[in-house]
Amino acid sequence: MDEEEIRRSIEALIHDYAHAIDDDRLEEWPDFFTEDCVYRVIPRESHEQGLPVGFMVCAGRGMLQDRIHALRTANIYEPHRYRHLVSAVRIRGRSGGLHRVETGFAVIRVMQNGESGVFLSGKYVDEIVFRAGSPRFRQRIVVCDSDRIDTLIVIPP
């Protein structure tokens, strides 16, 4: 693949990820990741200080699948949906087959009663690798601008 094809594939991964969540196709969410992935939602301050503790941490695709299973079968929460707005994708570096990528985002939460507002904003800090010609997240860190979230994170941002 040439550089432009790699960029287009990475951008498609990031946009397809957002559409899958926004369209409530959450069972597809783990498929965007490698088997040995890390997914973390963390406040900006903690991320900048190199602290690993965040709002949510999943290690491995199995934990992502468990999270969706629990969301569908066990969790009790007020029904809502997300709408992701993502900024331009910035490829920050490449080492071998690993691509370091950052993308700004805002997540609008739409409640069942029609109320909507910004739920989260921040940036995705990703490590993306290609497996069988397709990009996958090896690591996705959701760096939140705020250190406060007004409610439980049920749906992955």
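Annotations for the structure displayed:
- Only one of L71, L64 that is at pLDDT below 95 and not in a loop (DSSP other than H, G, I, E, B): L71
- Residues in the stretch 106-117 that are aliphatic (A, V, I, L, M) and either surrounded by 15 or more Cβ atoms within 10 Å (Cβ to Cβ) or touching a helix residue (DSSP H, G or I) at 6+ places or on another chain (Cβ under 9 Å) (or both): A106, V107, I108, V110.
- First in the stretch 94-123 and within 18 Å of V143 (Cβ to Cβ) and polar (S, T, N, Q), second anywhere and open to solvent by less than 60 Å² (accessible area, probe 1.4 Å) and modelled with pLDDT under 95, Cβ under 8 Å, 6 or more apart: S121/S146
- Residue check for H47: outside any strand (DSSP E or B), open to solvent by 30 Å² or more (accessible area, probe 1.4 Å) and in contact (Cβ under 8 Å) with a residue 12 or more places away in the chain: yes
- Identity of the residue in the stretch 63-74, surrounded by 12 or more Cβ atoms within 10 Å (Cβ to Cβ) and out of contact with any helix residue (DSSP H, G or I) (no Cβ under 6 Å at 6 or more places or on another chain), that ends up farthest from F32 (Cα to Cα): L71
- Residues in the stretch 118-145 that are modelled with pLDDT under 95 and at positive phi were compared, and the one that is least open to solvent (accessible area, probe 1.4 Å) is G133.
The values are calculated or read from the model by the stated rules, or taken from the named source; none is laboratory data. Fair warning: this is a prediction, and the values are worked out from it, not measured in the lab. Positions of Cβ are backbone-derived with ideal geometry, glycine not excepted, and every protein chain shown enters the neighbour counts. For the accessible areas, the whole protein counts, side chains as well, though only heavy atoms, and no ligand, DNA or RNA atoms are used. Shrake-Rupley method; radii C 1.70, N 1.55, O 1.52, S 1.80 Å.
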